[in-house]
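The numbers here are math on the coordinates, done by the rules we state, and not lab data. None of the values given here were measured: they were computed from a predicted structure. Neighbour counts are summed over all protein chains in view; Cβ atoms, including those assigned to glycine, are modelled from backbone coordinates with ideal geometry.
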Amino acid sequence: MPHVVISGDISRRFTGGEREFDVEATTFRRLILELDRRFPGLGRQIEEGMAVAIDGEIFQDAYAAPIGEKSEVYLIPRIGGG
Amino acid sequence: MSKIHVSTVINDDPVEYLCEPQQSLLDVLRDELNLTGSKEGCGSGDCGACTVIVDGRIVCSCLMLGAEAEGRKITTVEGIATGDKLHPVQQKFLEHAALQCGFCTPGFIVAAKALLDENPNPSEEEARYWLAGNLCRCTGYDKIVRAVLDAAEVMRAEAAE
Amino acid sequence: MSGLSFIAPKTVEEAVRALAAGDGLTKCLAGGTDLLVQLRSGRARPEVIVDMKRIPGLIGISEREDRFIIGAATPGAMISECGPLCRAWPGITEAVDLIGSQQIQGRASLGGNLCNASPAADSVPAVIAARATCVVVGPEGRREVPVEAIVTGPGQTSLRKGELILEFHVPKPRPHQADAYLRFIPRTEMDIAVVGCAVNVTLGDKGVCRDARVVLGAVAPTAVIVTEAAEALVGHWLDEETLGRLDAAARRASKPITDKRGTIEYRIKVAGVLARRAAAIAFKRAGEC
Amino acid sequence: MTFIGKDLKVVGTRPIRPDGVDKVTGRANFGADMTVPGMIWGKIKRSPHAHARILRIDAEKALRLPGVKAVVTAADFPNIAAEEAFAGEAIMDFRDLSRNCMARDKALYDGHAVAAVAASTPAIAEAALELIDVEYEVLPFVIDVEKAMAADAPLLHGELFTQGIEPKPTAPSNIAKRINFTKGDIEKGFREADVVIERRYTTRPVHQGYIEPHACVATVAADGQCSIWSSSQGHFMVRQYCAHLLGIDIANIRAAAAEIGGGFGGKTLIYVEPVALALAKKSGHSVKIVMTREEVFRGTGPAAGSVIEVKLGAKKDGRLTAAEVTLKYQAGAFPGSPVGPGCMCALAMYDVPNANVTGYDVVCNRPKVAAYRAPGAPNASWGVESCLDELALALGLDPLSLREKNAAKDGVKAVHGPTWQNIGYAETLAAAKAHPHWRAPLGAGQGRGIASGFWFNIGGESTASVHVNEDGTVVVATGSPDIGGSRVSMAMMVAEVLGVAVERVRPIVADTSSIGYTFLTGGSRVTFATGMAATEAASRVVDELKKRAAVIWEISPEAVEWRDGMAYPAGQNAGAFEPLPLAEIAFRSARTGGPISAEAAINAQGPGAGFGTHICDVEVDKETGAVKILRYTAIQDVGRAIHPAYVEGQLQGGVTQGVGWALNEEYIYDKDGRLENPGFLDYRIPVASDLPMIDAVLVEVPNPRHPFGVRGVGEVPIIPPTAAVANAIYRAAGVRLRDLPMSPPKVLAAIDEEKG
């Protein structure tokens, strides 16, 4: 089962401080839905404020990004740029 | 307040216009004559984007009144190329990728042309100091200086022919 | 929109009449490199702008046996191109050349630089150091005054209503007389002087200084003639001890302010440094001519 | 589809940009160059106070001035409720954006827009501004970031409670957010260290300094259809934000991209566009607004000023054991400094087993910060890269070796979590070590510094369409404003895929009604993401060309190959046909199925991290504190340079901005919180004579996500210069500068203090 870590502590208000989860998901969309089920409101926070790093590669707004059984998944603040 | 009538020569064409006393030459070029190649980056003579040649010398057109142009001979960036033949400075700016956004470019082209008219073989340092009144925020000046020095070489070769 | 009017007189008399007429603010326009900035920012709101540049003699440099005569509206680029002047007073021509960019040089003039009355004007210390005078004309006639008598404070001059500066008279150097001007700016170009220093010396036998004038800019409300600094030089070679006394005198004469361009402490230190460096150049030049 | 490792004909060459001639002859149309019939001029009135309640705005006198057509204030804009959306580098709140464009209730900084007027000439509009009477109640203000964090600081927003603190605070604060990243056991890490260095570094706000002031022309028709011409980094952004701020349907706004005279992040927001729209709606005229330079400095940008506290622990051999970083960033008048990316970039370049990074986003009475090249990263790296140099000196190690020893590599876990993949940091260090600059002799009073930088780069949404014309020439249209030559890169990638000469491909930037949504030009994304879309669209065109050839030859499309701009039968079984050039297929397109074109609309992922290492030599005048840059080498992993000259230009330009930040650029405020240097005279960006040539060294570690291996390149180069210069100054003059800018008075004071 993929291991998911919320990097940084900005989402604490949704998770009560919990930062690491095992989530049954094969896509980023499924992962968001699953986390939002556990922590209502976290889904929107992730969608609007976060990017996901799956095995070191950063995805933004990518529901279909595939997540493997042993994937390392980090939720990090979104990145923009100049 | 009535407007001032001015007769002048711009890019070899006789031009007449009416301007208000406080209007800068840059305002007149851009807003009255639709010569928008000269740019306003600062309005205070610090950026050089509005550089034009007046009676053989480069000036910031934002620091000259439109009314002062009476009887002068003015060259703007629109008058640097000859027909469809680019001036060597323009050609070298393109070849050296000496522009990114291109906003400061007209001022640099005019200033560099004036430099090479006066000094056909400038050193890098001379070129840098001559162009110090033209700000570029994109390129770091490297390719601009190279383009100007390369254009000088081309012009020297052309002159020798 | 504005109640502004613009005139470009062809004679001195016409210019004087225009400047003297009316109650509102009238402004002389030479190169315009300060005036147009002030117009645009609203800092200056004149009723009349009088363009000086079509008056005969206002632009150009002529040479008499004992002096150079520089039209008050002569652009810097023309001054830099004047070979005899550059050879005679490299400090003056270098100081003029330091005013702004090449574009500014196409317009900016000695008259404008002086009458704008900025404490940091680059050309002013150098012309004062050369003991130059200016010819002022006005409704009451013509007078010749030392350059240092014109500026009385930041933005303030001793010119009376209707007066304008016609020309600058710069005496030619005596044998072994030479000058230098240095300024400090944060960048290599385009800044206003944080400190400026002109040194003008005449050397006698074996390189001993016979006469000197040291003028600092940007360290007081007006350019300052530092008598004590000149005294530190006269009667001496330029050795370490002399340089030390010069440095100290320049520092003591500096009464700067702290502003966005420099602090009091910094300006005082740099005034001493520039005095030393400019003196070294002026002595070297004087020894060679 | 990948071209990585293939022999390429166009990519990697240096053709002349197709928009170049217009730019060297003055024909290119920038924001302020547009004129439309019946157009009038808008001007914005700005607060002279750093913090003031707006009690009353009386425009009656202004409206009576002949020629004045309309005045607008916040009352003319919908009062938007708080709503977060992603924009630029940070989460942005449309309520804040609306209030930044036009102050409502309170003016929050010197230069904050409070009203606007439109009149028949610029001079009348200017005069009318003075006739608008605004009554203020002046309030206490705070600009300094740490003073703004203090418990007794004047509050900008009564409703702002610090996020990221549990339990939720009960009192409002200027601290909008606290964020924290941890890795390992920080206390254990410092216990294991042989040497610990703890330092504090500071920066002042700096402006992006684009030479073109913001400008736009807006038109509102009687039926509500609007058009906007403006200079921005994203015309889709302009459309989206204006629609939101003014309550207009997106379909009713057509936004066109003017040529843009620089942005560097500062044009990822709107300032004048919604004001021009409101004036246009109210007056019934098209309205042009062009900012003055003073307005640009007082009312737009800048980047955050900051405090960076760094504590590093290392073993004697240089191996880092622990790092603790605290970042305090000014957000300006509304929350949203780039402290988040700052926190993630601070230690990203290093393999640190134990780390703790904390960031604070702090509001203060300055313009709301805008993105600026690698937002947040230069501040953090100024601290960390300087402190690493101090650590190297304490350990007696070469600063390059210290970096090599600790460099992040594939498989290393970053402090912010993810495990690095396909990164080229070590390659930039190796290139630095091998570069002749690193070993070149130095003279007396000279010193050499080194520093590195990291930026994420981004991907995102892009649309590109490729049309084959009847004569075989090609048009590629995208939605990305071209800020530095991206059009030529688009043409090159399309030409490469189609196998035609780049001169046969014309790239254009299409308006918002002519191409699909495209996120703004920023985050070093255009050549990566829009390039990916253009490549994809071109590939689809190739598929179509093969189909058309198959129709002509009466064979299966699978039996057609595309090479060098021509269709070939794939092997002998396909049949014996003369190759069909693109132009021939184009000429016959009507008979083979109609026009040939394809569009690709994508959300590009996997932008590829960017790393760079810079070497800088300086000479210090010990009597004046003046620092001269003698030599500069910028080395960067660029993935794959499509047009190497423009990639080099990004490096050279970034370095120069970084040098400006290092030596002279800063916002200077007076005692009343007013900006004292809103012009290029005293906001001192580098001029041509300040710099030597800048050697740009392109290291190419391909990004496997991109068909050509592209990584974003525009942002990394602004990160290393501040520390590279400081580290060089230390070696030239023996003094360590920790407060930017390292202007002559500060350098001289440090030298004199050192002398004692």
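List of remarks:
- Inter-chain Cβ neighbour count for D:412-422, averaged per residue, equals 5 (cutoff 10 Å, partner chain atoms only).
- The spacing between region C:103-166 and region A:67-82, judged by their C-alpha centroids, is 67 Å.
- Rounded, prolate or oblate (a/c below 1.5 giving rounded, otherwise prolate when a/b exceeds b/c) for chain D by Cα gyration tensor: oblate
- Under 16 Å of direct C-alpha separation, and excluding same-chain neighbours fewer than eight residues apart, residue D:311 reaches these aspartates and glutamates: D:185, D:187, D:192, D:194, D:198, D:324, D:351, D:385, D:389, D:390.
- Average partner coverage of D:642-649, which counts Cβ from other chains inside 10 Å: 4
- Computed packing ranks the peptides D:49-55, C:79-85 as D:49-55, C:79-85, most packed first, by mean other Cβ atoms within 10 Å.
- A P(r) calculated from all alpha carbon pairs of the protein assembly as shown, with 20 Å bins opening at zero, reads 11, 38, 36, 13, 2, 0 percent.
- Shape of region C:5-51, Cα gyration tensor, a/c cut at 1.5: oblate
- For region C:64-171, the Kirkwood hydrodynamic radius comes to 13.8 Å, computed from all pairs of different C-alpha atoms.
- From least to most packed, judged by other beta carbons within 10 angstrom and beginning with the fewest, D:321, D:535, D:35 follow the order D:35, D:321, D:535.
- Among C:229, C:249, C:21, the residue with the largest mean-square fluctuation in a Gaussian network model of chain C, with springs joining Cα atoms closer than 10 Å, is C:21.
- Electrostatic bookkeeping for residue D:199 treats Lys and Arg as +1 and Asp and Glu as -1; over the other residues with beta carbon under 15 Å from its beta carbon, the sum is -2.
- Inter-part distance where region C:1-50 and region B:1-64 are each reduced to a Cα centre, Å: 19
- Reachable aspartates and glutamates from residue D:547, criterion Cα separation under 20 angstrom, eight or more residues apart if same chain: D:470, D:471, D:496, D:536, D:558, D:561, D:564, D:578, D:584, D:599
- Build a GNM of chain C with springs between Cα atoms under 10 Å apart, and of C:37, C:214, C:195 the one that fluctuates most is C:37.
- Region D:582-648-region D:107-159 distance, computed between alpha-carbon centres (Å): 40
- Within straight-line cross-link reach of residue C:206, lysines at Cα separation under 19 Å, skipping those fewer than 8 residues along the same chain: C:284
- Out-of-range pairs (alpha-carbon distance over 31 Å; input C:260/D:106; C:260/D:622; D:9/D:405; B:73/C:172; D:6/D:433): D:9/D:405; B:73/C:172
- Among beta bridges that DSSP assigns inside chain D, antiparallel share in %, nearest 5: 75
- For residues of B:82-95, the mean tally of beta carbons on other chains within 10 Å: 3
- Test item: Cα-centred dipole of region D:325-450, Lys/Arg +1 and Asp/Glu -1 on Cβ, debye: 240
- Cα-Cα over 19 Å, subset of C:10/C:53; C:27/D:61; D:267/D:328: C:27/D:61; D:267/D:328
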